[in-house]
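Shown next, in structure tokens, is the structure this report addresses.
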Amino acid sequence: MTNQPEILALIARHLEYPDDLACKAQVEQFRKHSAENEAFYNSVEKVWRLSGKAAPLASLDHHQAAERFSKRLNKQRQNLPTKKTKLSRTTVFLRWAAAAVVLLALGSVIYLYSGGKSLFHKQRTYASDAAPGSNKAILVLANGQKISLSDINNGDVAKEAGLSITKTADGQLVYNIVDDKLGGAAKEDTFNTIETPKGGVWQIKLPDGSSVWLNAASALTYPLSFAKGKKRLVELKGEAYFEVSKDKDHPFIVKTAKQEVEVLGTSFNINSYADESEVKTTLLEGSVKVMPYLAGQQPNILKPGEQAVLSARGINIKEVDAEESIDWKNGYFMFNNEKQENIMRKIARWYNVQVEYADASAKDVMYYGSISRFENVSKVLRKFEQTGEVRFEIHKNKITVYKETGQ
């Protein structure tokens, strides 16, 4: 009985709303039934308490949450911690176990207690709404010409410096050599820039075969050829995920305002938005060298599953679930004890809206969970409101955030 989602839902409801006397009575009855049930309850309560003060969001797919939890558990078993790291690794594991329990529980709690009706306050009606972002980008050619990639048909976009620039059916921008007589050196001095607006994303295949996914409100500048140079240098503003073609003789360099990242061939994500206090470089495969511009900071080489967090205080390397860094690429917002203020910056970029706070304390509300990026903003905001921590108003393209004072 202890492995049923209904039991998890019951305990989750009790822990979240201890004043619900009917629920409390059911939990106490379950605990008294057997020693096994009591041990199970204590385990769930332990990971719940260790999960911190973050408010759980109901996952759109609790089966997916269970699968992710299973993968984390298997990984923990395969990589048993040393004595020095046992406490911190165990704490991290238990926090994620708690998140998984919450996501699973909330998937069925509505069915259990209300016959399909919401357990939370009445669904709010918003004055306005905003659609999610989509494939939108501007290509800026070397001569300054700007081409809206979302407004042109598939096929040839332009020809420049012996290259054909093509838009594919799946929304990629691809460069192909059509006249190499112009010489690689000339093309290396010729740069293009692809810019995504707020509410836009785009994928591009660079002249060397590397693929780049640009998140909203980002820009990538790159040469039309990497053939003659010793390095493959590109410049990034905002956020992008890179899958770099291997070429040990020509390191791939990503330059941002605060650092450079050097790689021979790998998959990694860089978040370098100007309105964020930290630059985050996360490695999924291969190896990269992060080189901050801060005085006294030495280069750091990352291993898969590590993230370099660069702030005004310096650089910090930590182990993470690297897949979380590309949630945006995979169509999700994913939060791991993340502040409302940080989350709303992501919302603002993706839905092209402005955000203001009626209550400053709302900025510090913490969440974990996942939400699809392909829903209207109203549906996303309702997920946050279901925690009972905040409420929102939408007027045209402005979202106002309020802190709830009670259930």
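Under 37 °C and 0.692 mPa s, how fast does segment 134-324 diffuse according to Stokes-Einstein, given a Kirkwood radius computed over C-alpha pairs? Answer in µm²/s, whole number. Write down the numbers at each step before the final one.
Numbers: Rh = 17.1 Å.
Approximately 192 µm²/s, per Stokes-Einstein.
Normalised by the number of residues in segment 134-324, what is the relative contact order in percent for Cα pairs under 8 Å and 6+ residues apart? Could the numbers behind the result be given before it?
Working: 494 pairs, mean separation 23.2, N = 191.
RCO, segment 134-324: 12 percent.
My understanding is that a pair violates if its Cα-Cα distance is over 26 Å; which of LYS136/LYS280; LYS379/LYS403; LYS237/LYS396; LYS167/LYS396; LYS228/LYS329; LYS231/LYS303 do that in this structure? Mind dumping the intermediate values first?
Numbers: LYS136/LYS280 24 Å; LYS379/LYS403 18 Å; LYS237/LYS396 28 Å; LYS167/LYS396 33 Å; LYS228/LYS329 32 Å; LYS231/LYS303 22 Å.
Over 26 Å Cα-Cα: LYS237/LYS396; LYS167/LYS396; LYS228/LYS329.
Of THR400, GLN386, ASN376, which is farthest along the charge dipole of segment 350-403 in the positive direction, counting Lys and Arg as +1 and Asp and Glu as -1 at C-beta?
Result: ASN376.
Calculate, in whole percent, how much of the Cα-Cα pair population of segment 246-323 lies beyond 21 Å.
When every Cα pair of segment 246-323 is considered, 20 percent fall beyond 21 Å.
Work out the charge dipole of segment 204-341 with +1 on the Cβ of Lys and Arg and -1 on the Cβ of Asp and Glu about the Cα centre, then indicate which of ILE326, ASN300, ALA216 is farthest towards its positive end.
ASN300
What do you get for Rg/Rh of segment 350-403 when both radii come from the Cα atoms and Rh is the Kirkwood radius?
On the way: Rg = 10.9 Å, Rh = 11.7 Å.
Rounded to two decimals, Rg over Rh is 0.93.
Kindly rank 216-225, 296-305, 144-153 from highest to lowest mean number of other beta carbons found within 10 Å of each residue. Each step should come with its number before you reach the end.
Details: 216-225: 22.6, 296-305: 13.6, 144-153: 11.8.
So the order, starting with the most tightly packed, is 216-225, 296-305, 144-153.
Whole Å is fine, so just give me how far the alpha carbon centre of segment 124-169 lies from that of segment 267-341.
When both Cα centres are located, 27 Å separates them.
Over all distinct alpha-carbon pairs, what is the Kirkwood Rh of segment 254-407 in angstrom? Numbers along the way, then the final one.
Details: mean 1/r = 0.0590 Å⁻¹.
For segment 254-407, inverting the mean 1/r across all distinct Cα pairs yields 17.0 Å.
List the GluC sites (Glu not before Pro) within segment 243-310 that fall in a DSSP loop (any state other than H, G, I, E or B) and whose Cβ has at most 15 other Cβ atoms within 10 Å.
GLU276
Values in this text are rule-based calculations from the coordinates and carry no lab data. Quick caveat, the model's predicted, so the values are computed rather than measured. Glycine also receives a Cβ, built like all others from the backbone with ideal geometry; neighbour counts cover every protein chain displayed.
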